[in-house]
1. Considering the range 32-49 alone, what residues qualify as being more than 13 Å from Pro93 (Cα to Cα) and in contact with a His (Cβ under 8 Å, 6 or more places away or on another chain)?
2. Please specify each residue of the range 90-107 satisfying the condition of being over 20 Å from Leu130 (Cα atoms), in a helix (DSSP H, G or I) and touching a residue at least 12 places away in the same chain (Cβ under 8 Å).
3. State whether one or more residues within the range 41-59 are at pLDDT 90 or above and not in a helix (DSSP H, G or I).
4. Quick check on my filter: what residues within the range 106-116 are buried (at least 17 other Cβ atoms within 10 Å of the Cβ) and in contact with a helix residue (DSSP H, G or I) (Cβ under 7 Å, 6 or more places away or on another chain)?
5. What single numbered condition from (1) on the phi < 0 side of the Ramachandran plot; (2) surrounded by fewer than 15 Cβ atoms within 10 Å (Cβ to Cβ) fails to hold for Gly68?
6. Picking from Gly58, Gly119, which residue would you name as being exposed (fewer than 15 other Cβ atoms within 10 Å of the Cβ) and on the phi > 0 side of the Ramachandran plot?
7. Kindly indicate the residue of the range 1-20 that is hydrophobic (A, V, I, L, M, F, W, C) and surrounded by 15 or more Cβ atoms within 10 Å (Cβ to Cβ) and also farthest from Arg129 (Cα to Cα) among those meeting that condition.
8. Go through the range 8-38 and give me each residue that's in a helix (DSSP H, G or I) and more than 20 Å from the chain's Cα centre (by Cα).
Amino acid sequence: MSADHRELAHRLGYAGLIPFVLGCALIWLIGGRDLDQHAFVSLALSAYAGLIIAFLGGIHWGLSFARGLPARQPLVWGIGAALLGWLGVLMAPYAGLALHGGVLIACYVVDRRVYPQLGAADWLTLRFRLTVVASLSCFLAAAGS
């Protein structure tokens with residue numbers, strides 16, 4: 001990957017944290033003053049977290065296909081992550097956002113084990129940073145829900 005593409009990927013990754021941080025902040029700022037807005041922001045953050053979790057699972061599919069690996073685990077994990085992300089959206093915000101925070105951490109733990117096998121180990125530093133902010137945002141938002 002060229003240096004320009006790598007820099008763009010980093011910038012986009014960090015920009016992807018904006019909905020996590022903004023959603024968490026809004027949940028705490030709105031508090032119990034406006035239940036409709038609070039519910040909207042909680043659902044928006046939960047849906048975004050579920051989307052990101054599905055994206056992280058999809059990376060395993062893409063890398064597995066690109067590398068022509070016969071292993072089934074990346075494909076199974078990819079679907080499992082997407083289903084967990086979806087489940088979190090269906091749950092009450094305090095529980096779903098906590099689940100999302102835990103699944104984001106689980107995605108990173110799986111990536112730490114699998115990315116080196118898939119030739120993507122150099123992305124783990126960025127993945128760690130993004131996971132810390134995203135999962136912390138979910139946990140704090142769950143506490144405010």
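1. Listed by number, the list holds a single entry, Gly32.
2. Pro93, Tyr94, Ala95
3. No: the range 41-59 contains no residue that is at pLDDT 90 or above and not in a helix (DSSP H, G or I).
4. Those that are buried (at least 17 other Cβ atoms within 10 Å of the Cβ) and in contact with a helix residue (DSSP H, G or I) (Cβ under 7 Å, 6 or more places away or on another chain): Cys107, Tyr108, Val110, Asp111, Val114, Tyr115.
5. For Gly68, the exception is condition (1).
6. Exactly one residue qualifies, and that residue is Gly119.
7. Result: Phe20.
8. Hits for the range 8-38 are Trp28, Leu29, Ile30, Leu35, Asp36, Gln37, His38.
The values are calculated or read from the model by the stated rules, or taken from the named source; none is laboratory data. Everything numeric here is computed off the predicted structure, so don't read it as measured data. With ideal geometry, Cβ positions are generated from the backbone for all residues, glycine too; neighbour counts draw on all protein chains shown.
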